[in-house]
Every structure is written in C-alpha cells, then in structure tokens.
Amino acid sequence: MRANEEAAAALQEYAELFALCGGDAFRVRSYQKAAKAIAGFPEDISVADVRAVPGVGEAIARKMEEFLRRGSFRQLDELRGRVPEGVRRLTRVPTLGPKTAIMLFEDFGIDSPGALSESITAGRLDGVKGLGPKTLANLLKGVEQLEQAGRRVHIGVAMSLAEQVMASLEAERIAYAGSLRRMKDTIGDIDILAVAPESIMAVFRAQPYVAEVIAAGDKKTSVRTTSGVQVDLRVVPAGSWGAAMQYFTGSKEHNVAIREMAVKKGWKLSEYGLFDGDRLIAAASEEEIYDALGMQFVPPPLREDGGEVKAALRGELPVLVELADLKGDLHTHTDLTDGIAPLEGMVAAGRARGYSYYAVTDHAPDLVMQRMTLDKALKQRGELAELQQRHPGMRLLHGTELNIAPDGSVDWPAEVLREFDVCVASVHSHFGMPRDEMTRRFIAACENPYVDIIGHPTTRKIGKRPPVDADWDAVFRAAARTGTAMEIDSYPDRSDLPADLVRLARHHGVKFSIDSDSHAIPHLAHQRFGVGIAQRAWLTIDDVINTWPLDRLLAFLGR
C-alpha cells in the first residue's frame, strides 16, 4: 500500500501549500478529504483506477496519475516553488497556522522553529497583534514538542517502512529488531537482521527507497530512506540468529541486566551467543538463551528493565494478550461521519477478520462538523439490523462516539444513550484546560452511567499535539469505581493510552478496550499496534474487555 500512502502524502502537502497561498478553503478541504480517502482505500491505486476512490474526481485523479508516473505533479511543483521553505518549516509547529507562519516569515524573517523560539524568548514578538502571551507560550511548547520528536516517527510509519524493506530483499531469514520489535510508540531508526549472502548489501543500497548511503560494509549497511528514517541492515550467522535478535532488540537496560547475570555465572553473552569460555552454551534461539540463564522467555515488548527480569527469574511473567485474542473492535467509523468507507464495507471487513462482534461508533452531534443527527443514527441502526441478518456469526453493536464537553457532559440525553449498545466518550476540544478542570471533566464522564469507554484519553497526536494535563491517578480511580473502561486507541499517531499510563490504570483496577478507531477498511489492522501497547503494559486477556466472550462483554457494558 506504499503507493496509496505516498500519493496521499503528496496530495496532503498540496492542500497545505494551497492553503498557504490563500487558496479557497472549500477546495483545501476537498484535497484533504481525497488524501484521506486515498490513504484508506483498500486497493493499491498503482494497479487500480484511482477514480474508484470515494471523493476523487477527475481533476484530482489526473494529479494522482501524474504522481504515480513521476513522483510528483505539476501543480505541486509550482506551489513548492512559490512557498518559501522557511514558511513550510514553521507550519510544522503544532498550533501554528499558515497565515501566522507567512506573517512571521515576511514581517520578522522567522524561517524555522528554532528562530521562532529565539524570537519569543528574546521578547521580539511581545505586543504583536494576534500573538498574546498565552499564544506565544503555546508556540514555545509547540517548538519544544517538535524538537523532542526530532527524527522519530510513529510506529505506523516505521512498521510500514520495515515491511517494505524486508519485502524488497531475498534472505534465508530476515526480521526487524530494536525499538520497533519492542513496539515502542515512536522509532528513531530501524534495525533489520538477515541471514543472507553479503551480496544482499548491494541490493539493499540500490533500492528506490534509499536516499543516502550513510555507511556501507559487508556485515552492516546504514541508509537514510526517502522518508528520512535511517535503516540499518546487518548480516548475521544462521547459528547466531537467536543471540543476534536478543542483542539487537534491546533495550540497552534489559541487556545490561541479563549480561550481568551471565557474568555472575562466569559466562559471556554477546550478539554471537552465550559462552562459557570457548564453549557455546546457546545462540540459535532466544528461548534457549533465556532458558540457560534460568529465566522464562521474555517477550520483546517487556524488555525495558521494568521488573521483567526478576519476574522471569521467579517464573511469574504474565501470559500477555495477543492479537489473536481479540474477539472484536469497539470503536470504528463509517462515511456517515468522518470515515471513508460505507457501513456495509466496514462490517464485511470486520467479518473477514473473524470477529465475534463488531461495533460501529460514528460521531455524535456535538462534533458539529460531522453533521450527525438522531435521525441519521436511528437510520443507521435500522441498516445494522438488516446487515445482522447477513452476518449471523458476528454480533453487530450499534454504538456512538460521544464528545466530552468541558463540564464533563456528553451528547444526547439518557433516554437516547440507553438505546446504544456501547458508548465511547472522548475529548475532541478545549485541550488546554487547567489540570484540575480537565480531571473533573474526565471524572464526570466516567460517572455518566451510559459511558462505557473513555476514548483516546490523553487526546495526543504524536508530533502534532501534546497530551492533555490531568491527574491520571484520580481519573483512573474514578474509572475503576464506575466500571468505565479506558481505551487503547491503536491508531499509530495516537497510541493512546500510552503504555506507562496503561500500567498505572491497571494498578488502579481499570479494564481496557483495544480499538482500531478505524476510519477506513485498512485501519482495522492497526489493532496490532494497540496490542503492542497492551503487551508493554503487561496486560492479559482478563484486562481487555474485547477479548471476552460476547455474554461477558455485554454484562460489562450493562446491556
């Protein structure tokens, strides 16, 4: 699906540049909507007709066809030439809009996030119309967030690239390691190990996704890809595969802990194996290395020196939830609101995944831009009832994603809410509320008897929007008391709740729902990222409500 993603990114860039040049807002939205539709289209547009994508008219189709031929299109090239790179750099700062970016560039010569930070700190923007103290403080936070993100990308970008690289190379054995294998939310660079002839390095360097060769060797080659992400490819001996995977998966802290265990036994552990002097004890598999050290096998997502070594030595590691354990998805959207696929297509895709149940949770009316009404929701409920007859093996649940208002209230009165099978409630606005007010907001939502799940609780968008500030201990205590589940939103630019907060919530007795938050059919596969978060937080099937049989789930939901 790389062609879809790359074409969508080009069209999204065009929309942003068009907006910067003062383009019509309606056309900007149409480009953005088409980009979203292309990214979520289930077929590869390099072989399918792009005109089959919902929302793609003839003009956009021609742009996309030109992009597929040469990697760009004429109108995009023209706008790239018109908009200074400095302005484009500024628009990457969260909360900084295009008009402000142009003003800062033209009036003050500010051409980068760093220059913006320096100007704010030096007071050069004090008193500028439209840039009050609060706005300047938010811009400083945005620059800090951008700098913290650095060259790290969210796991969805990294996983797609790693799978593209592995598919492009022939090897006896090949796999990704590092922080990607540990399922971290963001990835700095990608480590790939292969059992293969040294000639694989030349093939790797010649791939079209390689923009720069950083270092080339027979055993290791490092490249920077066209997406800006570094990929390191290592050739390892077949007999040392397990030792190499263990070593290069990390984390550094986990590896230090188990190397110290080996040293205490008079042994040495390296990427080549576990040795007693010259005698090889274990190397071929990770399992035999951990076994030789007297430990349970430690799943990669747990390898963060967070207590897993001691637990493995005691034989007390939990049986972690797996993707195959999920029996359904409790947060999905259709084209009735901001999804791009129709109800029937989304339901069929859920059925194809073998789910026992599947919830449709389109947005509620307080998210005004989605134009939802009760009549539309009731019409959808009738359509779901008809589809249920065609999918008897999968229980269809009619749900809604409610909006948590600043005072903690949600859309629709009790008599409407009680008729939904599942209610997800999420914060979609007023992200900058003070900590105590935000905390009360979440607690009030948890105390609503019809709210079953708090959706993407921190509201973060990785690299774009920081998490809201709340007293999470207080929120999780309330959720445990009211029996409200916390969502692990699997959408990779959210990864929300993150693993540290999942562990905290679990400590308070909270249950979780691992959901895709799908807005298109391909998004259903994102649940693997949510499962990775759950594993990093030590969750079992008892912690995750959508691993439960239907009757237990419905009892939890009070339906």
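The values are calculated or read from the model by the stated rules, or taken from the named source; none is laboratory data. Since this is a predicted model, take the numbers as computed values, not measurements. A quick note on method: Cβ atoms are made from the backbone with ideal geometry, for glycine too, and the neighbour counts reach across all protein chains shown.
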Criterion (in a loop (DSSP other than H, G, I, E, B), among the basic types (Lys, Arg) and either modelled with pLDDT of 95 or more or touching a His at 6+ places or on another chain (Cβ under 7 Å) (or both)) met by exactly one of Arg481, Arg477, Arg494: Arg494
Residues of the stretch 476-499 that turn out to be among the small types (Gly, Ala, Ser) and either within 20 Å of Gln527 (Cα to Cα) or not assigned by TED's automatic domain parsing to the domain that holds His333 (or both), as a count: 4
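Tally time: how many residues in the stretch 464-509 are of a type in the set (Val, Ile, Thr) and either in contact with a Lys or Arg (Cβ under 9 Å, 6 or more places away or on another chain) or surrounded by fewer than 24 Cβ atoms within 10 Å (Cβ to Cβ) (or both)?
Quick first cut of the stretch 464-509, residues of a type in the set (Val, Ile, Thr) only: 468, 475, 482, 484, 488, 502.
Subsequent filtering for residues that are either in contact with a Lys or Arg (Cβ under 9 Å, 6 or more places away or on another chain) or surrounded by fewer than 24 Cβ atoms within 10 Å (Cβ to Cβ) (or both) retains 468, 482, 484, 502.
Residues that pass the stated criteria total 4.
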Number of the condition not met by Ser518 [criteria: (1) more than 14 Å from the chain's Cα centre (by Cα); (2) on the phi < 0 side of the Ramachandran plot]: (1)
Pick from the stretch 200-232, criterion touching a Lys or Arg at 6+ places or on another chain (Cβ under 7 Å) and of a type in the set (A, V, I, L, M), ranking: farthest from Leu169 (Cα to Cα): Ile214
Selection within the stretch 274-315 - among the aliphatic types (A, V, I, L, M) and under 34 Å from the mean Cα position of the chain (by Cα): Ala283, Ala284, Ile289, Met295, Val298, Leu302, Val309, Ala311, Ala312, Leu313
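Mind listing just one residue for me: the one in the stretch 341-380 that is outside any loop (DSSP other than H, G, I, E, B) and polar (S, T, N, Q) and, of those, surrounded by the most Cβ atoms within 10 Å (Cβ to Cβ)? Before the answer, list the steps.
First, the residues of the stretch 341-380 that are outside any loop (DSSP other than H, G, I, E, B): 343-352, 357-363, 368-370, 374-380.
Filter once more, keeping what is polar (S, T, N, Q): 361, 370, 380.
Working: Thr361: 29, Gln370: 19, Gln380: 19.
Checking each candidate, the answer is Thr361.
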Count - residues of the stretch 306-337 that are buried (at least 17 other Cβ atoms within 10 Å of the Cβ) and outside any helix (DSSP H, G or I): 16
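Check the stretch 281-299 and report whether any residue there is closer than 30 Å to Ile454 by Cα, out of contact with any His (no Cβ under 6 Å at 6 or more places or on another chain) and either assigned by TED's automatic domain parsing to the domain that holds Asn403 or not in a strand (DSSP E or B) (or both).
Pass one, the stretch 281-299, residues closer than 30 Å to Ile454 by Cα: 299.
With the extra rule that they be out of contact with any His (no Cβ under 6 Å at 6 or more places or on another chain), the set shrinks to 299.
Next, only the ones that are either assigned by TED's automatic domain parsing to the domain that holds Asn403 or not in a strand (DSSP E or B) (or both) stay: 299.
Yes - at least one qualifying residue is present in the stretch 281-299.
Yes or no: Ser199 under 15 Å from Gly178 (Cβ atoms) and among the polar types (S, T, N, Q)? Quick ask: steps written out before the conclusion?
Values: under 15 Å from Gly178 (Cβ atoms): no; among the polar types (S, T, N, Q): yes.
Taking the combined requirement at face value, the residue does not satisfy it.
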Count - residues of the stretch 381-392 that are in a helix (DSSP H, G or I) and either of a type outside the set (Lys, Arg) or outside the structural domain of Asp411 (by TED's automatic domain parsing) (or both): 8
Top-ranked residue in the stretch 251-273 [being under 18 Å from Glu287 (Cβ atoms) and polar (S, T, N, Q); ranked as farthest from the chain's Cα centre (by Cα)]: Ser270
Subset of the stretch 422-440 that is closer than 21 Å to Pro94 by Cβ and among the small types (Gly, Ala, Ser) - its residue that is modelled with the highest pLDDT: Ser426
Number of the condition not met by Leu125 [criteria: (1) touching a helix residue (DSSP H, G or I) at 6+ places or on another chain (Cβ under 9 Å); (2) not in a loop (DSSP other than H, G, I, E, B)]: (2)
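Might you check whether a residue that is touching a Phe, Trp or Tyr at 6+ places or on another chain (Cβ under 6 Å) and acidic (Asp, Glu) occurs anywhere in the stretch 57-75?
Yes, some residue in the stretch 57-75 is touching a Phe, Trp or Tyr at 6+ places or on another chain (Cβ under 6 Å) and acidic (Asp, Glu).
Going residue by residue through the stretch 532-553, is there one that turns out to be of a type in the set (D, E, K, R), touching a residue at least 24 places away in the same chain (Cβ under 8 Å) and either in a loop (DSSP other than H, G, I, E, B) or assigned by TED's automatic domain parsing to the domain that holds Val309 (or both)?
Kept after step one, since they are of a type in the set (D, E, K, R), are these residues of the stretch 532-553: 536, 542-543, 551-552.
Next, from what is left, pick out any that are touching a residue at least 24 places away in the same chain (Cβ under 8 Å): 536, 543.
With either in a loop (DSSP other than H, G, I, E, B) or assigned by TED's automatic domain parsing to the domain that holds Val309 (or both) added as a condition, the list becomes none.
No: zero hits.
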Residue match in the stretch 104-114 (condition: free of Cβ contacts under 8 Å to residues at least 40 places away in the same chain, among the β-branched types (Val, Ile, Thr) and either surrounded by fewer than 13 Cβ atoms within 10 Å (Cβ to Cβ) or over 22 Å from Tyr14 (Cβ atoms) (or both)): yes
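Please go through the stretch 73-98 and pick out each residue that is of a type in the set (Lys, Arg) and farther than 18 Å from Tyr31 by Cβ. Explain how you work it out, then say what you get.
So the first thing to find is which residues in the stretch 73-98 are of a type in the set (Lys, Arg), and the list is 74, 80, 82, 88-89, 92.
Hits for the stretch 73-98 are Arg89, Arg92.
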Candidate set: the stretch 1-42, residues that are outside any helix (DSSP H, G or I) and within 21 Å of the chain's Cα centre (by Cα); chosen: the one surrounded by the fewest Cβ atoms within 10 Å (Cβ to Cβ): Pro42
Lone unmet requirement of (1) assigned by TED's automatic domain parsing to the domain that holds Glu5; (2) free of Cβ contacts under 8 Å to residues at least 40 places away in the same chain; (3) surrounded by 15 or more Cβ atoms within 10 Å (Cβ to Cβ) for Pro54: (2)
Count of residues meeting criterion [free of Cβ contacts under 8 Å to residues at least 40 places away in the same chain and aliphatic (A, V, I, L, M)] in the stretch 217-235: 1
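I'm checking my understanding of the structure. Among residues of the stretch 402-425 that are of a type in the set (A, V, I, L, M) and assigned to a loop (DSSP other than H, G, I, E, B), which one is farthest from His363 (Cα to Cα)? Spell out the reasoning first.
Taking the stretch 402-425 as the starting set, the residues that turn out to be of a type in the set (A, V, I, L, M) are 402, 404-405, 410, 414, 416-417, 422, 424-425.
In the following step, the residues that additionally are assigned to a loop (DSSP other than H, G, I, E, B) were identified as 404-405, 410.
On the way: Ile404: 12, Ala405: 14, Val410: 12 Å.
Among those residues, the one meeting the criterion is Ala405.
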Hits in the stretch 59-99 (condition: surrounded by fewer than 16 Cβ atoms within 10 Å (Cβ to Cβ) and part of a loop (DSSP other than H, G, I, E, B)): Gly71, Ser72, Pro84, Gly97
Any pair with Cβ under 6 angstrom, 6 or more apart, that starts in the stretch 65-89 at a residue that is closer than 18 Å to Ile38 by Cα and ends at one that is of a type in the set (Lys, Arg): Phe73/Lys63
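Out of curiosity, is Val256 of a type in the set (Val, Ile, Thr), surrounded by fewer than 19 Cβ atoms within 10 Å (Cβ to Cβ), part of a helix (DSSP H, G or I) and out of contact with any Ser or Thr (no Cβ under 7 Å at 6 or more places or on another chain)? Show your work before the answer.
On the way: of a type in the set (Val, Ile, Thr): yes; surrounded by fewer than 19 Cβ atoms within 10 Å (Cβ to Cβ): yes; part of a helix (DSSP H, G or I): yes; out of contact with any Ser or Thr (no Cβ under 7 Å at 6 or more places or on another chain): yes.
For Val256, the condition - of a type in the set (Val, Ile, Thr), surrounded by fewer than 19 Cβ atoms within 10 Å (Cβ to Cβ), part of a helix (DSSP H, G or I) and out of contact with any Ser or Thr (no Cβ under 7 Å at 6 or more places or on another chain) - is met.
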Criterion (of a type outside the set (Phe, Trp, Tyr), out of contact with any strand residue (DSSP E or B) (no Cβ under 7 Å at 6 or more places or on another chain) and at pLDDT 95 or above) met by exactly one of Glu419, Glu401: Glu419
